[in-house]
Amino acid sequence: MKVKRFTAPTMAEALKQVKGTLGPDAVILETTEAAGQVTVTAAVDLEPPAATPGADPADGALVSEVRELMGIVRDLIDEQWRRQAPAGGQGIRRLHRALVAQGVDGVIAAALLRETAERLERGTRVDTALAGTLGTAPAAPASSVRLFFGPPGDGKTTTIAKLAAQARRAGRRVCLVGADTYRIGAAAELERYGQALGAEVRRAKDPVELGNALRDHGHADLVLVDTAGAGPAQQAELAELKALVEAAGAAAGRTLVMSAATGALAAANTFRAFAALAPDACIVTKADTAPGGAVVAQLWRERVPVSHVAAGRRIPDDLEAATPSRLARCVLAA
Ligand SMILES: Nc1nc2c(ncn2[C@@H]2O[C@H](COP(=O)(O)OP(=O)(O)OP(=O)(O)O)[C@@H](O)[C@H]2O)c(=O)[nH]1
Ligand SMILES: [Mg+2]
């Protein structure tokens, strides 16, 4: 692979140099801007790998994924040349910089760039175009019973307390079910929240008890189930969570709670680990501590809707419904 840097007064000129020197297969690795000059770092694969008889099919898949990525970026470059729109070019450059700064996976970043570039007509702001791209994910379904799961310490219990407090303010009857039997003090913590918020609290130490609690939760309008945190490598804990989800039944909502501080690789691993629980929504927490672009980009790729963003510890104020423009801020706030 040959890597080269090109500097020019405009993005279009720099990209022209890239294409002229490295050819149409060049991939943009990074763009920076300083003192009125744009610097583009680009690479080209010098020797396209030939198909080897008996090669690992996984290698073939990887090669075609990289080829697809190169094609996407090449289309993007062509598109920018065709439009020659300075505002759009700047917007895409800003988005590219933010995606690189947040370490978003290359394939996801290229897809986000391409879809957003398609929305960038002359005069459209990049945050508006990006919100349009992110807004294509399906909406989180409304469920009167919802389970919350995710990595340890990412904010499940605090988020449940926020949702419970918001529902109580709206005059709804809330029942909290504690299924976290691992952490010392987890049950007492939920009890305290229940007392402070005027919500009934129940405990379920296994899937059978959870099934019973959900069948007989008084007359609550909203039932929120707290579970123990599990990391991507904790197979036994993940299997227990899956059993709880199954006991809750198909009508129960399933929210993955993930911190905005999760990096791209951890976000991909976490999502893979919890995919067996089929989350139908995600809440991104701790957005006051990190932009959260890698998590938002991963969820967009998986087509799991983000229902809320939490940006602080205050109950219930630091929890807002996620909108496409709020999510675009997460991505661009690098
Ligand atoms: N800064 C910040 N802190 C948060 C946010 N949400 C939760 N926290 C804090 O993160 C810590 C862990 O929150 P918990 O709600 O206990 O997390 P959990 O996922 O239930 O943790 P486990 O049950 O141990 O897996 C607490 O100190 C919370 O106050 C947030 O949006 N921003
Ligand atoms: Mg907890």
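Looking at Arg172, Arg146, Arg168, just one residue is more than 13 Å from ligand 1 (Cβ to nearest atom), in a strand (DSSP E or B) and not hydrophobic (A, V, I, L, M, F, W, C), and that residue is Arg146. Just one of the listed residues (Ala101, Ala142) is away from ligand 2 (no atom under 16 Å from the Cβ), under 20 Å from Gly253 (Cα atoms) and either hydroxyl-bearing (Ser, Thr, Tyr) or at pLDDT below 95 (or both), and it is Ala142. Taking the criterion of being within 9 Å of ligand 2 (Cβ to nearest atom), out of contact with any helix residue (DSSP H, G or I) (no Cβ under 7 Å at 6 or more places or on another chain) and hydrophobic (A, V, I, L, M, F, W, C), the only residue of segment 146-168 that qualifies is Ile160.
Looking across segment 222-236, the residues that are closer than 18 Å to Ala281 by Cβ and either in a strand (DSSP E or B) or more than 12 Å from ligand 1 (Cβ to nearest atom) (or both) come down to Leu222, Val223, Leu224, Val225, Asp226. Gly185 falls short on exactly one of the conditions (1) within 18 Å of Ile315 (Cβ to Cβ); (2) exposed (fewer than 15 other Cβ atoms within 10 Å of the Cβ); (3) touching a residue at least 12 places away in the same chain (Cβ under 8 Å), and that condition is (3). Exactly one residue among Ala276, Ala290, Ala260 is among the aliphatic types (A, V, I, L, M), surrounded by fewer than 19 Cβ atoms within 10 Å (Cβ to Cβ) and either touching a residue at least 12 places away in the same chain (Cβ under 8 Å) or touching a Leu at 6+ places or on another chain (Cβ under 6 Å) (or both), and that residue is Ala276.
Out of everything in segment 214-235 that is within 21 Å of Ala165 (Cβ to Cβ) and of a type in the set (A, V, I, L, M), what residue ends up being farthest from ligand 2 (Cβ to nearest atom)? Before the answer, list the steps.
Going through segment 214-235, the residues within 21 Å of Ala165 (Cβ to Cβ) turn out to be 217-227.
Right, trim to of a type in the set (A, V, I, L, M) and you get 220, 222-225.
Values: Ala220: 20, Leu222: 18, Val223: 17, Leu224: 12, Val225: 11 Å.
Among those residues, the one meeting the criterion is Ala220.
Being of a type outside the set (A, V, I, L, M) and within 15 Å of ligand 1 (Cβ to nearest atom) is the filter; apply it to segment 188-204 and report the residue that is least open to solvent (accessible area, probe 1.4 Å). That would be Gly194. Within segment 128-145, the residues that satisfy the criterion of being open to solvent by less than 30 Å² (accessible area, probe 1.4 Å) and touching a Ser or Thr at 6+ places or on another chain (Cβ under 6 Å) are Ala129, Leu130, Ala131, Thr133. Of the listed requirements (1) within 15 Å of Ile28 (Cβ to Cβ); (2) modelled with pLDDT under 90, Gly88 misses just one: (1). Filtering Ala247, Ala239, Ala252 for residues that are open to solvent by less than 50 Å² (accessible area, probe 1.4 Å), out of contact with any strand residue (DSSP E or B) (no Cβ under 8 Å at 6 or more places or on another chain), more than 16 Å from ligand 1 (Cβ to nearest atom) and closer than 19 Å to Phe149 by Cα leaves a single hit, Ala247. The number of residues in segment 205-227 being acidic (Asp, Glu) and open to solvent by 60 Å² or more (accessible area, probe 1.4 Å) comes to 2.
Can you name every residue in segment 169-182 that is touching a residue at least 12 places away in the same chain (Cβ under 8 Å) and either within 12 Å of ligand 2 (Cβ to nearest atom) or open to solvent by 30 Å² or more (accessible area, probe 1.4 Å) (or both)? Result: Arg169, Arg172, Arg173, Leu176, Gly178, Ala179, Asp180, Thr181, Tyr182.
The values are calculated or read from the model by the stated rules, or taken from the named source; none is laboratory data. Note that the structure is predicted; figures quoted are calculated from it, not measured. Backbone-built Cβ (ideal geometry, glycine too); neighbour counts: all protein chains shown. Heavy atoms of the whole protein, side chains included, go into the accessibility calculation; ligands, DNA and RNA do not. Shrake-Rupley method; radii C 1.70, N 1.55, O 1.52, S 1.80 Å.
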